[in-house]
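The structure follows.
The values are calculated or read from the model by the stated rules, or taken from the named source; none is laboratory data. If you're wondering where the values come from, they're calculated on a predicted model, not measured in any experiment. Every residue, glycine among them, receives a Cβ derived from its backbone with ideal geometry; neighbour counts consider all protein chains shown. Just so you know, the surface numbers come from the protein's heavy atoms only, side chains and all, with ligands and any DNA or RNA stripped out. Shrake-Rupley method; radii C 1.70, N 1.55, O 1.52, S 1.80 Å.
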Amino acid sequence: MPRPIAATIHTAALHHNLQRVRQSVPDAKVWAVVKANAYGHGIERVFEGLRGADGFALLDLAEAERVRHLGWRGPILLLEGVFEPRDLELCSRLGLWHAVHCDEQIDMLAAHKTQVPHRVFLKMNSGMNRLGFTPARYRAAWARLGALPQVDEISVMTHFSDADSPRGIGHQIEAFNAATQDLPGERSVSNSAATLRHHTDARLRSDWVRAGIVLYGSAPDFPENSPAHWQVQPTMTLSTRLLAVQHLQPGDTVGYGSRFRATEPLTIGIAACGYADGYPRHCDTGTPVLVGGVRTQLVGRVSMDMVTVDLTPVLAAGVAAGFGTEVTLWGRASTGAILPIDDVAQAAGTVGYELMCALAQRVPVVVEGAA
Ligand SMILES: *Cc1c(COP(=O)(O)O)cnc(C)c1O
């Protein structure tokens, strides 16, 4: 029998979360952002749940090929554009739309031979200071692109640094609007956080929202708001089973470095999941976990292949007849109980994004609800 660990991808939850985005912005088209192998879920595994989107956005050309290979004939957007001249050949061949964020990318386009002009998204650096033309240089870039026979329609785009937090979008959207007001073409501005939190802001017009994390059931502004607040559902469950039970006496310690010491008699369970599965080693005593659907906590350090959990609230748990009680590291237990990935990420000092993306290769993945 293989190790009992598995990740489950919930197709119905992906579909639900996409509908949730549509509710927020009924007039916008939705890019389903599937970069980083669909935030660790697997592009092929989320395709069924997200095929109701208007397009797929990603960064990696090989991932774009995979989306086309799935039979998707609609829009695909390269969020960082091309990296070298020959990437443009793939764009022409597969009909990929691409961001343009720097002069070098315009140079490459100008030298590119193509029968079909490309649809491009000209990116403004409105304050994030990663990619894009500054507001002062934006219109010159627009004019240069517009004069190229290789270019079809130009859309305008920018990306928010603080849509999830108190600073908000004001400083960026003002700059963006001022520089793009009279430019034709579609606008793509909002990420998940802006889509959920700022869709009623009159300054924000996004013909194409770029929804990432919200589709995967994590709250972009956790802990201020939870996934339950935004009515999104977990799309990835990481679950395993108990391998053993230990009965500790006061003074007994648990795991490497004896990080946990029992002060009273304590029953703990040993579960088959460790940092080599993508479970963060930064989690320690106190990190929430579900055993048999009951919320309890980790005790002691995460090791490569195992974690240790407090069984106090669920003393019936065990390994009877070689079949250990279900342990849910994040996502949905068989009982229906939910442990948001955000709660676990917080305990590890990170965000849900990182945990999803770090799911290890060795974990078998099951797609629930696939056609
Ligand atoms: C990743 C990404 C998004 C999606 O961000 P979320 O916070 O996951 O919604 C949107 N736009 C760009 C340019 C991105 O790189």
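Would you mind classifying the chain by shape? Square roots of the alpha carbon gyration tensor eigenvalues, ordered a ≥ b ≥ c; an a/c under 1.5 is rounded, otherwise it is prolate if a/b is larger than b/c and oblate if not.
Details: a/c = 2.57, a/b = 2.15, b/c = 1.19.
Here the chain falls in the prolate category.
Count charges around Ala219 for me, please; just the other residues with Cβ under 11 Å from its Cβ, Lys/Arg as +1, Asp/Glu as -1.
-4
With an 8 Å Cα cut-off and a minimum separation of 6 or more residues, compute the relative contact order for the stretch 236-368 in percent.
Over the stretch 236-368, the number comes to 28 percent.
Now for a different question. How much accessible area per residue does the chain have, in Å², with a 1.4 Å probe?
Accessible surface, normalised per residue, equals 43 Å².
Shifting gears a bit: For the chain, set up a GNM with springs between Cα atoms under 10 Å and report which of Ala143, Ala317, Ala28 has the largest fluctuation.
So, out of Ala143, Ala317, Ala28, the one fluctuating most is Ala143.
I've got another one for you. Taking K and R as +1 and D and E as -1, what net charge do the other residues with C-beta under 15 Å from the C-beta of Ala62 add up to?
-3
Another question, if that's okay. How long is the gain from Ala12 to Asp107 if the chain were fully straight, where each residue apart is worth 0.36 nm and the alpha carbon distance is subtracted?
29.8 nm
Counting only protein heavy atoms, what percent of the accessible surface of the chain is carbon or sulfur at a 1.4 Å probe?
Heavy-atom surface of the chain belonging to carbon and sulfur, 1.4 Å probe: 51 percent.
Using only Cα atoms, locate the centre of the stretch 17-57 and the centre of the stretch 120-171, then give the distance between them in Å, rounded to an integer.
Centre-to-centre (Cα) distance: 22 Å.
Also, I was wondering about something else. Near Ile43, within a Cβ-to-Cβ distance under 9 Å, what is the net charge of the other residues, with Lys and Arg +1 and Asp and Glu -1?
With Lys, Arg at +1 and Asp, Glu at -1, the neighbours total 0.
Tell me the mean residue ellipticity at 222 nm calculated for the chain from its helices only (DSSP H runs of n ≥ 4, each -39500 (n - 2.57), averaged over every residue, nearest 500).
Value at 222 nm, helices only: -7000 deg cm²/dmol.
For the stretch 200-301, what is the relative contact order in percent, using Cα pairs closer than 8 Å and at least 6 residues apart in sequence?
Averaging sequence separation for qualifying contacts and normalising by length gives 18 percent for the stretch 200-301.
Tell me, what is the percent relative contact order of the chain, built from C-alpha pairs under 8 Å that lie six or more residues apart?
Normalised by residue count, the contact order of the chain is 17 percent.
Mind checking which of Tyr216, Tyr353, Tyr256 has the largest fluctuation in a GNM of the chain, springs on alpha carbons under 10 Å?
Checking each option, the largest mean-square fluctuation is seen for Tyr256.
Alpha carbon centre of the stretch 174-242 versus the stretch 252-293: separation in Å?
Answer, in whole Å: 34.
Can you work out the FRET efficiency for the pair Ala140 and Arg281, with r the C-beta to C-beta distance and R0 = 45 Å, to the nearest 0.05?
Efficiency, rounded to the nearest 0.05: 0.40.
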